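Student: My questions will all concern the structure given below.
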Amino acid sequence: MFQNALISGLRNIGRHKGFSFINIAGLTIGLTACLLIGLFVRDEQQYDKFVPGYENTYRVYQKTKGDADNIIATAPPAFAVALKQNFAEVEEAVRVMSLNSKELVEANDKKLYEENGFLVDSNFFKMFPLHFRYGSAAKVFSDPKSIVISAAMAEKFFGKENPIGKELILAKLVMRVQGVLENSEKFHLPLNFLMTMASVGISGERMQSWQWYPFNTYVKLKNGTSADQLQAKFQKYSKPFMKGDGPVNVPYFQSLGQIHLYSSDFKYEMSTRGNITYVKALSIIAIFILLIACFNFVNLATSRSLKRAKEVGVRKSIGAGRIELATQFVGETILLTAISMIVAIAATWLLLPYLNRFTEKSIGFDLITNPLVGLALVTLTLVVGILAGFYPALVLSAFQPAKVLKGSIITNSAPAGTQWLRQGLVIVQFSLSVLLIISAIVVINQVSYMHNKDLGFRKEQVLFFPMRGENLKKNYASFKNELMRYPGIASVSIGYGFPGDNFGDGLITVKEKPGLKPTKTVQIMVDDDYLKTLGLKLLAGRNFSKEIGGDVSAYIINETAVRDLGLGSARQAIGKTLSWPTWRKPDSLKTGPVIGVVKDFHYKSLHEKIEPTVLQIYPQAYSKVAVKINGSKIETTIGEIKKVWSRYSADYPIEYNFLDESFGKMYKGEDKLKTLLTMFTAVTIFVSCLGLLGLAANAAERRKKEIGVRKVLGATVADLVALLSKDFVKLVLISFLVACPIAWYFMNQWLDSFSYRITITWWMFAVAGALAVMLALLTVSFQSIKAALSNPVKNLRTE
């Protein structure tokens, strides 16, 4: 029986090549998209799952009381100590601190800047047993001068040789390699090199702090421990220590397996950020495309029912039962799906390198080595085949042989509801298509808005780089003066806190507002040319001046700070006295007047609101140089900057970025979402149009005699095309009405993740509707014109 079904199926595919090609093409596209998205989603869900006992491992993060949006990934060092010493439920506690900058690494006559360096507690590998290529976790941190590096970093400096025991110089510290990590781990932290806290000598007093929070803190709980109960106990325990003059942070526990995908809005996040919203959206799109491909098969198969009616009549007349016929037709669908799956697997192999390049991943398609993948593909083939073929099999097997063989109209012998079901499937298909079109339009406009919005400063042709070496840090004023001698340089600023870079924070009090609680503000350390270099606009007051010695104690604030500090207008804020506890000596206050107010500017991404911001002169924190380049000879000017650099910091290669490029990198995730959504929207529309093509073919087949009569009575081709097309336009318009409110709701939800966003307007829906109608008309017109041009004599000769 199986052999007979297989032969019959292959013959049917060969006999109806066009029909079979459209079906296989639609299913192949759907399955390929499903496989690629499935591989990506599976890869995203694998982070940290290799860690033994990951279900009982948690990261302790903080939320600011009274501000649900202020979620802080890091925690004070005292958290780990308190949890380990005072709570029996805690089996292990580990702290991790990011170096938060690129460090110069020297080995084998190579000098390279390496990022993603971390300081860790010595028991780090006890909690996170990562795989070593060389060395072992037991001894790697036996010496404070030990360092563990990634396999990628080892290959850069030592080639293919085993580097264990070899020296490298990191930030002028001589370290010895004691371990090399494999590159393939799905760990949430992008580890490149690790050292212990002891290697940099952080003071013991600092490591007991409850107010300083640069650490990721992890706890592993004993089996049977309730994380929620321990969280509540620790919140109560830590409450007296967390109180301060400013906002109070409250500790929370986050499961290790959730860090990668559920931390996209965390501040000071060290991990490789994923985004569960995007993962869910891609998963839904994959299901959409696969369902549309299945709907296409139903439409195309039922539209061909007239062509196979006599085959059914003959088979039934010689004894075939309905179950046997239904099994035959479902088997043919599974055969078509199997062929489509084979082509889709090949397409996935070909497209996977492009997906990896686009996502910056190394996703594998372990079809041969992992039997579960093969089993999943076989299961998917059977499910899709049965889902797509079940209803057409019922329709075809229900035909009555007496009516069929007499040549009677057979559509009435199909199960009730065939017509409305086909139309309903088209409505669903185009509703999904319109939904994705609207979503793509909204995303494209939001991404364009982020890249082109007036940020309140000039980011074009501003080059910035970190200061390296003690000589440069001590003589930064002379370095700046030498740079300013070149005509290609408009201005130079030295400070800490350039847009798109790192920032500090601090509590500000206002002498004239004794009842106002200390307000948390962003702290930007500047010199007198910061405003000029970035083109910030003064609304009131004046800039800092080298000629006025008292400016070292003065402040410039932004509009938001004027409002949040209750200073009235920008003009009224001038002269008010602010106090700030300095970073070097928190018990000492820097007090001085407000001398200027600048217009708000976006120093962070548009996901985040502009916060009250204070600009001040504080040379102790200066770490970056920004250079505003004047004119078009950028390469020549960069060459001159390098020459000056070499005179002040010869031991360090200069490493620079352009401010607009650094700022643009903030939206890399949104840029990729835009590309993916546009691509999958196009795929969905294409597959939907295949289904519409099937319905149009079915309509033309059913109404061919009507068309013949109308042509004999004088109907033109245009009249007939309009007649056959109007029903489909109605279906698309219904799809548009269904999709619009759904798209409006979900895209507003997505836009709410941005503090600065576009407004969804009517024209976005109008463009989507017009595009859907146009595509539907183009698709339907192909079959309509073909039917209208047919010879009416052939259609009417049996009458």
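Student: May I have the convex hull volume per residue, in Å³, for the Cα set of the stretch 462-665? Walk me through the numbers on the way to the answer.
Tutor: Working: hull volume 25.3 nm³, N = 204.
Hull volume over Cα atoms, normalised by residue count, gives 124 Å³.
Student: Same structure again: Post the alpha-carbon centroid distance, the stretch 123-145 to the stretch 496-540, in whole angstrom.
Tutor: That distance is 42 Å.
Student: Estimate the FRET efficiency between Glu55 and Asp366 by the formula 1/(1 + (r/R0)^6), using the beta-carbon distance for r and 30 Å for R0, to the nearest 0.05.
Tutor: Working: r = 24 Å, r/R0 = 0.82.
The formula returns an efficiency of 0.75 here.
Student: Here is a further query. Rounded to whole Å and sorted largest first, list the principal axis extents of the Cα atoms in the stretch 213-277.
Tutor: Between the extreme Cα coordinates on each principal axis of the stretch 213-277 lie 35, 35, 20 Å.
Student: A further question on this structure: Sort the stretch 608-656 into rounded, prolate or oblate with this rule: let a ≥ b ≥ c be the square roots of the eigenvalues of the Cα gyration tensor; rounded if a/c is under 1.5, and if a/c is not under 1.5, prolate when a/b is larger than b/c, oblate otherwise.
Tutor: oblate
Student: Note down the nm distance, to one decimal, between modelled labels 7 Å out along Cα→Cβ at Glu547 and at Ile276.
Tutor: In this crude spin-label approximation the distance works out to 5.9 nm.
Student: Let me ask something else about it. Does the stretch 69-182 come out rounded, prolate or oblate by the C-alpha gyration tensor, with a ≥ b ≥ c the root eigenvalues, rounded set by a/c under 1.5 and, if not, prolate when a/b is larger than b/c and oblate if not?
Tutor: Working: a/c = 2.44, a/b = 1.67, b/c = 1.46.
Prolate, because a/c is 1.5 or more and a/b exceeds b/c.
Student: Provide the gained length on full extension for the span Tyr656 to Ser255, in nm with one decimal, where the gain is 0.36 nm per separating residue minus the Cα-Cα distance. Display every interim value, and only then the final one.
Tutor: On the way: separation 401, 0.36 × 401 = 144.36 nm, distance 3.76 nm.
Answer, rounded to one decimal: 140.6 nm.
Student: Want the number for Ile634 to Lys233: 0.36 nm per residue separation, take away the alpha-carbon distance, what's left?
Tutor: Working: separation 401, 0.36 × 401 = 144.36 nm, distance 5.88 nm.
Full extension from Ile634 to Lys233 adds 138.5 nm.
Student: At a Förster distance of 41 Å, what's the computed FRET efficiency of Ala138 paired with Leu589, Cβ-Cβ distance as r, to 0.05?
Tutor: Values: r = 49 Å, r/R0 = 1.19.
Efficiency at R0 = 41 Å is approximately 0.25.
Student: Could you list the square roots of 5 times each eigenvalue of the Cα gyration tensor of the stretch 12-114, that is, the equivalent ellipsoid semi-axes, sorted largest first and rounded to whole Å? Please report the intermediate quantities before stating the final value.
Tutor: Working: eigenvalues 496, 126, 52 Å².
Three semi-axes, in Å: 50, 25, 16.
Student: Under the Kirkwood approximation applied to all pairs of distinct alpha-carbon atoms, what is the hydrodynamic radius of the stretch 54-258 in Å?
Tutor: On the way: mean 1/r = 0.0552 Å⁻¹.
When all Cα pairs of the stretch 54-258 are included, the Kirkwood radius is 18.1 Å.
Student: Continuing with the same structure: Could you please state, rounded to a whole Å, how far the C-alpha centre of the stretch 545-609 is from the C-alpha centre of the stretch 186-240?
Tutor: That distance is 33 Å.
Student: Cross-link partners among lysines for Lys186, C-alpha distance below 20 Å, same-chain residues fewer than 8 apart left out?
Tutor: In chain and number order, the partners are Lys49, Lys126, Lys220, Lys280, Lys361.
Student: Are any of the pairs Lys145/Lys243; Lys172/Lys459; Lys532/Lys604; Lys243/Lys513 more than 29 Å apart by Cα-Cα distance, and if so, which?
Tutor: Details: Lys145/Lys243 37 Å; Lys172/Lys459 33 Å; Lys532/Lys604 19 Å; Lys243/Lys513 21 Å.
Table pairs above 29 Å Cα-Cα are Lys145/Lys243; Lys172/Lys459.
Student: Something else now. Which shape class applies to the stretch 525-619: rounded if a/c is under 1.5, otherwise prolate when a/b exceeds b/c and oblate if not, where a ≥ b ≥ c are the square roots of the Cα gyration tensor eigenvalues? Mind dumping the intermediate values first?
Tutor: Numbers: a/c = 1.28, a/b = 1.21, b/c = 1.06.
Note, shape of the stretch 525-619 comes out rounded.
Student: Take the alpha carbon atoms of the stretch 58-111, find their radius of gyration, then divide it by 2.2 N^0.38 Å using N residues; give the quotient. Write down the numbers at each step before the final one.
Tutor: Working: Rg = 17.2 Å, N = 54, 2.2 N^0.38 = 10.0 Å.
Dividing the Cα radius of gyration by 2.2 N^0.38 Å gives 1.72.
Student: Along the charge dipole of the stretch 54-258, which of Ser122, Ala137, Ala80 sits closest to the positive end, that is, farthest toward it, with unit charges on the beta carbon of Lys, Arg, Asp and Glu (+1, +1, -1, -1)?
Tutor: Ala80
Student: At a temperature of 25 °C and a viscosity of 0.890 mPa s, determine how fast the stretch 145-285 diffuses translationally according to Stokes-Einstein, using the Kirkwood radius over alpha-carbon pairs as Rh; express D in µm²/s, rounded to the nearest whole number. Kindly include the intermediate steps, with their values, before the conclusion.
Tutor: Working: Rh = 18.8 Å.
The Stokes-Einstein estimate is 131 µm²/s.
Student: Here's something else I'd like to know. What is the diffusion coefficient of the stretch 127-188 in µm²/s, taking the Kirkwood radius over Cα pairs and the Stokes-Einstein relation at 10 °C with a viscosity of 1.306 mPa s?
Tutor: Values: Rh = 11.9 Å.
Calculated translational D: 133 µm²/s.
Student: Short version: ³J(HN,Hα) in whole Hz for each residue of the stretch 425-434, in order, from phi by Karplus 6.51 cos²θ - 1.76 cosθ + 1.60 (θ = phi - 60°), x for Gly and Pro, what are they?
Tutor: For the stretch 425-434, the Karplus curve yields 5, 5, 4, 4, 4, 6, 4, 5, 5, 5 Hz.
Student: Return the sequence-ordered ³J(HN,Hα) values of the stretch 130-146 in whole Hz as given by the Karplus equation 6.51 cos²θ - 1.76 cosθ + 1.60 applied to θ = phi - 60°, using x for Gly and Pro.
Tutor: 5, 7, 9, 7, 9, x, 8, 5, 5, 10, 4, 10, 5, 10, x, 8, 7
Student: Sticking with this structure for a sec: Given a Förster radius of 35 Å and the C-beta distance between Thr759 and Ile734 as r, what FRET efficiency does 1/(1 + (r/R0)^6) yield to the nearest 0.05?
Tutor: Values: r = 27 Å, r/R0 = 0.76.
Calculated transfer efficiency: 0.85.
Student: Sticking with this structure for a sec: Considering every Cα-Cα pair within the stretch 449-497, what fraction, in whole percent, is farther apart than 17 Å? Could the numbers behind the result be given before it?
Tutor: Numbers: 569 of 1176 pairs.
Tail of P(r) above 17 Å: 48 percent of Cα pairs.
Every read-out reported here was derived from the displayed coordinates using simple, explicitly stated rules and does not represent laboratory data. Everything numeric in this text was worked out from a predicted model, so none of it was measured. Neighbour counts are summed over all protein chains in view; Cβ atoms, including those assigned to glycine, are modelled from backbone coordinates with ideal geometry.
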